[in-house]
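Novice: Below you'll find the structure I mean.
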Amino acid sequence: MKSVKRIIVREEYCIGCRLCEIHCIVRHSKSGKIIKAFRSEKDAIVPAVTVEQKGYTSFALQCRHCDEAPCIEACMTGAMRRDGKTGAVLCDRDRCVGCWMCIMVCPAGAVRQGKCREAASKCDLCLDRDVPACVANCPNEALTLGGDA
């Protein structure tokens, strides 16, 4: 199995602009267009990255694609799985039954309920792209893509 690429967060560079959240929503929208995504699709999409902020400190939070992922172990249907090619932890939305065990055991708090609460939602590293949308659109390079952590 290939070692997983991980998103590295450098909170000292994060200004809390939330462009990572916006571009995650657009990337996972049906249209792929920012205006259409926010006018008609935003309510159906949970961003896989969330900016947490307190005072002047902000931090982008997303799945860490753990080597020993508790979400995979806790998933009773096998919906949470490791991609054999990339090593990324992914959620098969068709197999998810919404028991939310993955949410309860995630040490990073990065797995969330989907907007329609039918399946879990988490970072998929935008595997169809060379660089995840959040990383590609971070203006201060607070998010970078690195090798295994």
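Novice: Quick one: check the C-alpha center-to-center distance for the stretch 46-65 versus the stretch 113-142, whole angstrom.
Specialist: Measuring centre to centre over Cα atoms gives 12 Å.
Novice: Checking the table LYS5/LYS115; LYS33/LYS115; LYS36/LYS115; LYS5/LYS36; LYS5/LYS33 against a 24 Å threshold on Cα-Cα, which pairs fail?
Specialist: LYS5/LYS115; LYS5/LYS36; LYS5/LYS33
Novice: For a quick protection proxy, order the peptides 101-109, 133-141 by their average other-Cβ count within 10 Å, most packed first. Show your work: numbers first, answer last.
Specialist: On the way: 101-109: 16.1, 133-141: 17.9.
Descending packing order for the listed peptides: 133-141, 101-109.
Novice: Give the relative contact order (percent, whole number) for the stretch 6-146; include only Cα pairs under 8 Å separated by 6+ residues.
Specialist: 31
Novice: Here is a follow-up. By its C-alpha gyration tensor, with a ≥ b ≥ c as the square roots of the eigenvalues, how is the stretch 4-100 shaped: rounded for a/c under 1.5, else prolate for a/b larger than b/c, else oblate?
Specialist: Oblate shape, in that a/c is at least 1.5 and b/c is the bigger or equal ratio.
Novice: Also, I was wondering about something else. Give the peptides 118-124, 28-34, 64-70 in descending order of average Cβ contacts within 10 Å, highest first.
Specialist: 118-124, 64-70, 28-34
Novice: Still on this structure: Please give, to one decimal in nm, the separation of the simple spin-label points placed at TYR13 and PHE59, each 7 Å out from Cα toward the Cβ.
Specialist: Once both label points are built, they end up 1.8 nm from each other.
Novice: Can you figure out the FRET efficiency of GLU68 with TRP100, using R₀ = 22 Å and their beta-carbon distance, to the nearest 0.05?
Specialist: Once the sixth-power term is evaluated, E becomes 0.65.
Novice: When a/c is below 1.5 the answer is rounded, else prolate if a/b is larger than b/c, else oblate, so apply that to the stretch 68-149 with a ≥ b ≥ c taken from the square roots of the Cα gyration tensor eigenvalues.
Specialist: prolate
Bear in mind these aren't lab numbers, they're just calculated from the coordinates by the rules spelled out. Quick caveat, the model's predicted, so the values are computed rather than measured. Glycine gets a Cβ as well: all are built from the backbone with ideal geometry, and neighbour counts include every protein chain shown.
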